[in-house]
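Working notes, structure below.
FYI, it's all coordinate maths here, none of it is from the lab. Source: prediction; values computed, not measured. Using ideal geometry, Cβ is built from the backbone for each residue, glycine included, and neighbour counts are taken over all protein chains shown.
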Amino acid sequence: MPVNNLVAMEKDEREKHEEFWGRFNDAPPGWREVTEQEMGPRLFRFCVVKHEFRQVRPPEPPSAEPSWAYKPYVQAYLHFWPDGTGYAVSWDSQAAKVRWYMFGCDHAYRELSQAECCKRGIYHAGYSYHVTKCSKCGDIGGYDSGD
Ligand SMILES: [Zn+2]
């Protein structure tokens, strides 16, 4: 599957994408800055399925009154993963450092047993195969631990 750029999407697909993930100046749902140590181990877990450049206006904290005070936009490349999450990378020229962000669900996976998978019709390869389901968004993933 080719990596999709937003400008290359057809109108319907782009509208659906923007309805869920927001537009050029919006922080996508679940936008949060993470440290390099948090980001590093997650970087290569999936192939990127879509990417997009944005100038994100940092969201207000939930308890704050909306403010029109100037806040610098975060210029970032957003990379979308197939599990409904993604990461963004930005160059903070004032601090002279790369900043990392994650967005989408902050998954809380729970392992499903082989019996649960069988009952629900979810593929389970057995042995060292693990199937997990996120209790927040319902994403189901599978992987082979090899042991
Ligand atoms: Zn989730």
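Value of Rg to Rh for the stretch 4-104, rounded to two decimals, is 0.97; Kirkwood radius and Rg both from alpha-carbon coordinates.
In order along the stretch 37-51, the phi-based Karplus estimate (6.51 cos²θ - 1.76 cosθ + 1.60, θ = phi - 60°) of 3J(HN,Hα) comes to 5, 6, 6, x, x, 9, 3, 10, 6, 9, 7, 6, 9, 7, 9 Hz; Gly and Pro are listed as x.
In degrees between 0 and 90, to the nearest 10, how far off the longest principal axis of the chain does helix 11-21 point, with axes built from Cα atoms? For 11-21 against the chain, the angle is about 90 degrees.
Computed about the Cα centre, the dipole magnitude for the chain is approximately 40 debye when only Lys and Arg (+1) and Asp and Glu (-1) carry charge, each at its Cβ. Normalised by the number of residues in the chain, the average gap of Cα pairs under 8 Å and 6 or more apart makes the relative contact order 19 percent.
Karplus-derived 3J(HN,Hα) values for the stretch 91-98, using 6.51 cos²θ - 1.76 cosθ + 1.60 with θ = phi - 60°, are 9, 8, 5, 5, 8, 6, 8, 7 Hz; glycine and proline are entered as x.
Taking Lys and Arg as +1 and Asp and Glu as -1, the other residues whose beta-carbon sits under 12 Å from that of Q55 total +2. For the pair W91 and E19 in one chain, pulling the backbone fully straight at 0.36 nm per residue adds 23.3 nm over the alpha carbon distance. For the residue pairs K16/K136; K71/K97; K16/K119; K16/K133; K50/K136; K11/K50, the alpha carbons lie more than 27 Å apart in K16/K119.
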